[in-house]
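> One structure is given below, represented as C-alpha cells, and several questions about it will come after.
The values are calculated or read from the model by the stated rules, or taken from the named source; none is laboratory data. This is a predicted model, so every value here is computed, not measured. Neighbour counts run over all protein chains shown; Cβ positions are idealised from the backbone, glycine included.
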Amino acid sequence: MYSGLPGRNLNTGCAARVDFDSLMRSTDGLAALEAVPTPTGDGWRVFIQWVSGRMQYVSGFESLQEAEKWITNESEGWLRLVGEAQL
C-alpha cells in the first residue's frame, strides 16, 4: 500500500512502483493508492484514499499485473485530473 502521509515510510504490498513524492506533489491530498481484489474475487481494482478520508476505486482490471501497470503508467494523470476537479 502506498502511504502519502508526511514522514512515513512509503512501502508497497504490490510490485508497482510510482514516484510517490512526485505524485504527492502533483495530487495534493492523496493518502493511499493500492491494487486490491474485487469483493467478488473476479478481478482487481485500484483503491484510492484522499487525506480528507474520501475513498474511490478504479475498476475493471482482470489481473493484479494490469492494475499495477495502471498505477505505474496511468494513475498520475488520472489523479491530477480528479484532484483538479475537486478544487
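> Tally up the residues in the range 30-42 that are exposed (fewer than 15 other Cβ atoms within 10 Å of the Cβ) and on the phi < 0 side of the Ramachandran plot, please. Don't jump to the end; show me each part of the working.
Applying the first criterion (exposed (fewer than 15 other Cβ atoms within 10 Å of the Cβ)) to the range 30-42 yields 37-42.
Restricting the remaining residues to those that are on the phi < 0 side of the Ramachandran plot gives 37-40, 42.
Within the range 30-42, residues that are exposed (fewer than 15 other Cβ atoms within 10 Å of the Cβ) and on the phi < 0 side of the Ramachandran plot number 5.
> Of all residues in the range 43-55, which are surrounded by 13 or more Cβ atoms within 10 Å (Cβ to Cβ) and part of a loop (DSSP other than H, G, I, E, B)? Working first, answer last.
If we filter the range 43-55 for residues that are surrounded by 13 or more Cβ atoms within 10 Å (Cβ to Cβ), which is where we start, we get 43-51.
Matches in the range 43-55: G43, V51.
> Go through the range 34-55 and report how many residues are within 13 Å of L79 (Cα to Cα) and at pLDDT below 90.
The number of residues fulfilling the criteria is 1.
> Let me ask you something else. Taking the range 56-87 as the region of interest, how many residues are at pLDDT 90 or above, out of contact with any Cys (no Cβ under 6 Å at 6 or more places or on another chain) and in a helix (DSSP H, G or I)?
Within the range 56-87, the first condition is being at pLDDT 90 or above, and the residues that meet it are 56-75.
From the residues that got through so far, the ones that are out of contact with any Cys (no Cβ under 6 Å at 6 or more places or on another chain) too are 56-67, 69-75.
Filter again for in a helix (DSSP H, G or I), leaving 64-67, 69-73, 75.
Number satisfying all stated conditions: 10.
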